[in-house]
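The values are calculated or read from the model by the stated rules, or taken from the named source; none is laboratory data. Keep in mind it's a predicted model, so treat the numbers as computed, not measured. As a convention, Cβ positions derive from the backbone with ideal geometry for all residues, glycine included, and neighbour counts pool all protein chains shown. The accessibility values were calculated without ligands, DNA or RNA, using every heavy atom of the protein model including side chains. Shrake-Rupley method; radii C 1.70, N 1.55, O 1.52, S 1.80 Å.
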Amino acid sequence: MQITTKPYPLPVSHRFINLLDKETQHRCWKAESGLVLHFRDPSYTAKEGGFHPVEIGLNQDHRLLYVTDFAYVGQEPFIELAKDLDFDFVYRVFQQNGRDYPIEQGKALFALWQRNFISYYRMGVYGVSVEVM
């Protein structure tokens, strides 16, 4: 499978696309469905911290739909896992701390996020699972 590289409303690095290609190349999935990739640090907890869970959606045409970074929020006993950052390529919306912005306003943050995510991935901190939409 080859992830589509253009056009997106934000610059998507070739290193990021290559990482997604690597994780999807051995996955069998139907042409009429998309995929959701889950990247999880098994040691991430609200108390100890760690690397944020990430979810990435791809449509049936191998296009990036969204990238969502989750984090624990709140205080005991009401801590929950919630969206921290969300880049929605379909609706062209960037969300941070529950507020929506035009996706273009997230350009610098998405570039930084990609570099960090790729570094964490290369460090081997994530377990990866994939589900069919």
Hits in region 39-63 - residues which are modelled with pLDDT under 95 and closer than 21 Å to Thr24 by Cα: Leu58, Asn59, Gln60, Asp61, His62, Arg63
Any hit, region 97-111, residues being out of contact with any Pro (no Cβ under 8 Å at 6 or more places or on another chain), of a type outside the set (S, T, N, Q) and either in contact (Cβ under 8 Å) with a residue 60 or more places away in the chain or open to solvent by less than 50 Å² (accessible area, probe 1.4 Å) (or both): yes
Any residue at all in region 118-126 that's closer than 23 Å to Gln2 by Cβ and open to solvent by less than 20 Å² (accessible area, probe 1.4 Å)? yes
Qualifying residue in region 23-35 (condition: part of a strand (DSSP E or B) and within 14 Å of the chain's Cα centre (by Cα)): yes
How many residues does region 64-82 hold that are within 14 Å of Lys47 (Cβ to Cβ) and open to solvent by less than 30 Å² (accessible area, probe 1.4 Å)? 1
